[in-house]
Structure formats: structure tokens, C-alpha cells
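Undergrad: Have a look at this one.
The values are calculated or read from the model by the stated rules, or taken from the named source; none is laboratory data. Predicted, not measured: the structure shown is a model, and the values here were computed from it. Here the Cβ positions follow ideal geometry from the backbone for every residue, glycine too, while neighbour counts run over all protein chains shown. Side chains included, ligands, DNA and RNA excluded: accessible areas come from the protein's heavy atoms. Shrake-Rupley method; radii C 1.70, N 1.55, O 1.52, S 1.80 Å.
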Amino acid sequence: MWFLNSCEMNMYAKQTSCVLNEDHLSGLPDDILIHILSLLPLKDAVKGICNASRRFHKLWPFIHTLNFDQCMFPEHDCNYYLEASRPDYDESFLHSVRHVLLRSKSPTILKFCLKFHFRLSYSFWQRISNSTDIRLYDFLRSEKRMANEIGTWIQFALNKNLEVLDLSFSEHGIVGPQALYDLPNCVLNSPHLVELRLTHCTINAKKKSKLKSLKTLYLNKVVLMGQSIDYILSGCPMLEELTLQLCYGHIRVVVLNSNLKTLKLDIGWSLRRIYVSCPTLLSLDVSGAVDVLDIANVASIAEVSVKRNLIFDFDVHKDYQGIRILLQTFTGTKTLNLCSWFALVFSAWQLKNLPSPTFSCKSLHLKSDFMIWNLPGILNLLKHCPCLENLTIEITSSHNEFTSHKQLSWYRLYKFDADEYWNMVDAPVQCLIHHLKTVEVAGFVEKHLVIQFLEYLLRHSMVLKKMKIFAEKQTAKYYEERLLNIPKASASAAVLFY
């Protein structure tokens, strides 16, 4: 019989623990282990687990997902780089990127993600001043060297038949969009890319792209020089989803004979015109301010969301015609999502006895501040959605920064008692009689005008099954009993509070 001393016991326990932990994965083939490592944060895959096993240490260079996020890097101070007044880069982060790329042995890379504080601020100032300050020479050289190195990282990933590229060059300094990173042309000529996501960079395409496998394109705060968007889209025959968020430049989305199903446009800066033409489009989401939203050839569209207002004068006939033609494009959609501004548009048409388009939608989502001048518009919308089955209303605050006093000048010509408005509605509303089954309300539900509207729906919706109200208990107690006890047109209608 033999005995172990305490030191030997501790060592034996540690060795046993390591063996047991390793045995959980040791039977798996290399391909599966590489896939597991690729799902981990890069710093864990390289430093943490890899150090626990020689086998893992040999396998991590073969991971196929490379995710370099500067803000997630240990001891990185984002605020310091946001406020930097000169080119200053996190050398420990750069060293890590260089080390991983140098050691990478995977024949293919499925995803390459880089999130990095970088802008060409001094290069921009040199360009607009048309002179070079010798005192800033080192800064200019540093920016150019860093931009070139980023280009080599991107090219390295593209050479490995890259499928997903995600580049985000977050704010660095205070210079505007003119100083963003220039996207290398090689990115737009990558036949293997399936998904491309770009944030804070400049695209200056001079010829048709070659993105023959691309299915998803996401551009956020990207400067689109010249006809770049035309050149990009003309070379994406497989594109299914396109998002343009707060981008600068000429916005023209013309996609013919394509697979595009989803288009999201968020306009952060007032543009004169946005043109959209796509015969295969199923879902359109537009937000922002624009003079003219020109949409054509979207007969297959099934879901439309329009948020914020277009530039529109309620008193000008040509503007009425323009908005009516726009809405006429969406009459066949099954799901319609409109903002409070559209309720005002329908109010003006209702009070002026102007014809409104009729929609065949079964679901309507309306975001409204439920002020007095929204009421005729909400009624008008219900009248012109005769097949409506599901109504969702999000009640917002009363402040609407996108509607000017000039745009609302027309309402002074019309007067009615808001408290009695729904009691004065005598004409039947078709959707309430035959189709409306569910109503969902959320937000500032406690508003007096909202409660009156819900009472109107309960009294007139003959096939209603559920009315769901999402509100805080403290406010709901003031009107809960009132809605529960009101006489209902539908015997099976249930009012539920969440």
C-alpha cells in the first residue's frame, strides 16, 4: 500500500480534472472542434480554451470565423478614441489582429468582422485645403498606412472565398462623412460574398459590381458617390434583402428581374427624390423626410411600412395627387404600417371630402399621438380598409417634430367636438361589421381620446374576439372597469390587460 502527500494529491486532482474536461471533447473530430472554436469570441478561442489543450492550440488557426471588435478588446477605452484629436490606434488590438491573420491556416473564411475606430480626418483637411502642413505630415502618413493595412486584411479574407463581410468604422474625431474610410474596389468584385454589411465608409464605384452570390446588403451611414448604388445593384442578381440606413448621396433603387424581397430605407437627411422600382419586392420599410418618394413596379408587395412624414403641403392640390398616387401603389398589400403623419393626411382628405385610396390589407399598424386632428383620419382609414382583420395602434406622445404649423394651418377651417366625435359617427364601417377580429393597443393608452375610440370599437365591432391593451397597472386601473363593462357588439369579445 502506498500513500500520496498533500502536494501530490493536489497535482493529481488538477491533472485528473484537466483530463476529464478534455475528455468531453477529445472524441470529436477536428472539423467539429474547429466549428466550435469558430463560434467562440476570438479572444477565448485563441487564448482561453486553446491554452488548456495542445490539440486545441493546433486547431485554432483553422477557425473560419474572424471577429475583431475593438470595443470588446480587454482594457480598450472607446471614449478615448472617440475624442482623439490625432491618429491614435490601439496597438495591442492591432497586434492581436496581425497575430491571428498571420497564424490563420484555414483554406476558407466564412465570416470576417472588423469593428474599428478609424477616419481619414487629416487626409480630408489636406484635400480640401489643397496644401500640406509639414507639421501634420506624420499624422497623414499614419492615416494612410493604417488605411492600407486595413485593405490588406480585407483582401486576405476575400482571398479565402469569404461569404460574410462586416466592416464598421465607428466615429473617430469630429469630421463629417467626407472623411470616412474608402472601401477597396476588391470588395465589390467578390463573387463569393453572400452578405455584406458596411458602416461609416465611402463607396466610389466606377463600374458594375461582380457580387453574383450576394443575398444581403446592409449600408449604414455610408457615402454613396456618384452612381455607386446603381453600379452595385446592377451586379447583384441574387440580392434578396437591401437596407440603406442614414446614407449620404444619390439614392436610387432600381432592381429589375431580381430576387429582391425586402427593402428598408431610413433617410436621415432631407433628400429631394428617392426612386424605387422592383417587381419582386414583398416588404418595403421607409422612414425619414424626402420631397418625392417615387415607387413603381412593385405589384407583388405584401407588407409596407412608412414612418415619419414626406414633405407635403396639405393645401396644395398637386401634393394631394402625389401622396394619393403613392398610396395607390400599396393598395394591394396585406400588411400596412403607417405613422401618425398619415393619420393627418387622411384627416385632411376626410374633412375636405377628397377621395382616398381603398386598401385590401388585413393588418394595419398605426402609430399615432391621438390628438384631436387625428380622429377623422383614423375613421377615414378604417373606412378604406374594408377587409381589415387585425388592428394595432401604438399611442405616442403628443410631440411631432416632423409636422410644421404651416402644414397644419388647414385645420383652423374645421371645428368639431372631440369628446363627441365617435358618438357622431353614424355611417357603418365595413371592416367593423364583417372582419375585425383583434385589436392591440400600447403606449399612452390612458389618453381620454384613446379610451373613447376603444369604446367605439367595442360597441361596433360585431365579430371582435380580442382587444389586448398593453399598459402599466397604475394607469390601467382608471379605465379598466369602464372598458370591461361597456356593452359590446360581439358577444365573444374579450378585453385583456397586459
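Undergrad: Hey, can you rank 27-34, 181-188 by average C-beta count inside 10 Å, highest first? Numbers along the way, then the final one.
TA: Details: 27-34: 12.4, 181-188: 18.2.
Highest-to-lowest ranking by the protection proxy: 181-188, 27-34.
Undergrad: Given the peptides 379-387, 159-167, arrange them by the average over their residues of other C-beta atoms within 10 Å, most packed first. Write out the running numbers ahead of the final one.
TA: Numbers: 379-387: 20.7, 159-167: 18.6.
Per-residue Cβ counts within 10 Å, averaged per peptide and sorted highest first, yield 379-387, 159-167.
Undergrad: Using 21 Å as the Cα-Cα cut-off, could you pick out the over-long pairs in Lys144/Lys208; Lys144/Lys215; Lys362/Lys465; Lys447/Lys477; Lys105/Lys215; Lys264/Lys367? Intermediate results must be reported in sequence, preceding the final value.
TA: Details: Lys144/Lys208 27 Å; Lys144/Lys215 32 Å; Lys362/Lys465 15 Å; Lys447/Lys477 13 Å; Lys105/Lys215 27 Å; Lys264/Lys367 18 Å.
Beyond 21 Å between Cα atoms: Lys144/Lys208; Lys144/Lys215; Lys105/Lys215.
Undergrad: Across region 143-154, in residue order, what do the Karplus-derived ³J(HN,Hα) couplings come to in whole Hz, using 6.51 cos²θ - 1.76 cosθ + 1.60 with θ = phi - 60° and x for Gly and Pro?
TA: These are the phi-based 3J(HN,Hα) values: 4, 5, 4, 5, 4, 5, 5, 4, x, 5, 4, 5 Hz.
Undergrad: Which three numbers, in whole Å and largest first, are the semi-axes of the equivalent ellipsoid of region 406-498 derived from its Cα gyration tensor as √(5λ)?
TA: Details: eigenvalues 119, 71, 28 Å².
Taking √(5λ) for each Cα gyration eigenvalue gives 24, 19, 12 Å.
Undergrad: Remind me, relative contact order of region 408-491 in percent, using alpha carbon pairs under 8 angstrom and six or more residues apart? Before the final figure, lay out each step's value.
TA: On the way: 83 pairs, mean separation 27.8, N = 84.
With pairs under 8 Å counted, the relative contact order is 33 percent.
Undergrad: At a Förster radius of 25 Å, what calculated FRET efficiency corresponds to the Cβ-Cβ distance of Gln321 and Val254, to the nearest 0.05? Intermediate results must be reported in sequence, preceding the final value.
TA: Numbers: r = 23 Å, r/R0 = 0.94.
After rounding to 0.05, the efficiency reads 0.60.
Undergrad: Report the extension gain between Phe444 and Gln474 in nm, rounded to one decimal, defined as 0.36 nm multiplied by the number of residues separating them, less their alpha carbon distance. Don't skip to the answer; put the middle values down first.
TA: On the way: separation 30, 0.36 × 30 = 10.80 nm, distance 1.23 nm.
Here the answer is 9.6 nm.
Undergrad: Could you calculate the contour length gain from Asp77 to Leu102, that is, 0.36 nm times the residue separation minus the distance between their Cα atoms, to one decimal place in nm? Write out the running numbers ahead of the final one.
TA: Numbers: separation 25, 0.36 × 25 = 9.00 nm, distance 2.57 nm.
6.4 nm is the gain from fully extending Asp77 to Leu102.
Undergrad: Starting from the Cα of Phe156, step 7 Å along the direction of its Cβ; do the same at Ile36; then give the gap between the two resulting points in nm.
TA: 2.7 nm
Undergrad: Work out the FRET efficiency for Met462 and Asn353 from their Cβ-Cβ distance, taking R0 = 35 Å, and round it to the nearest 0.05. Walk me through the numbers on the way to the answer.
TA: Values: r = 27 Å, r/R0 = 0.79.
Once rounded, the FRET efficiency stands at 0.80.
Undergrad: How much length, in nm to one decimal, is gained on full extension between Glu240 and Asp182, taken as 0.36 nm per residue of separation minus their Cα-Cα distance?
TA: Working: separation 58, 0.36 × 58 = 20.88 nm, distance 2.54 nm.
The Glu240-Asp182 span can extend by a further 18.3 nm.
Undergrad: Same structure again: How high is the FRET efficiency between Gln430 and Ser213 when r is their beta carbon distance and R₀ equals 60 Å, given to the nearest 0.05?
TA: So, using R0 = 60 Å, E works out to roughly 0.80.
Undergrad: Next up: How about region 443-498: which GluC sites (Glu not before Pro) there are in a DSSP loop, with at most 11 other Cβ atoms within 10 Å of their Cβ?
TA: On the way: sites: Glu446, Glu455, Glu472, Glu480, Glu481; in loops: Glu446, Glu472.
When the GluC sites (Glu not before Pro) of region 443-498 are filtered for loop state and at most 11 Cβ neighbours within 10 Å, Glu472 remain.
Undergrad: Could you put Phe73, Phe453 in order of accessible surface area, largest first, with the 1.4 Å probe and the full protein assembly present?
TA: Working: Phe73 40, Phe453 0 Å².
Of Phe73, Phe453, the descending order of accessible area is Phe73, Phe453.
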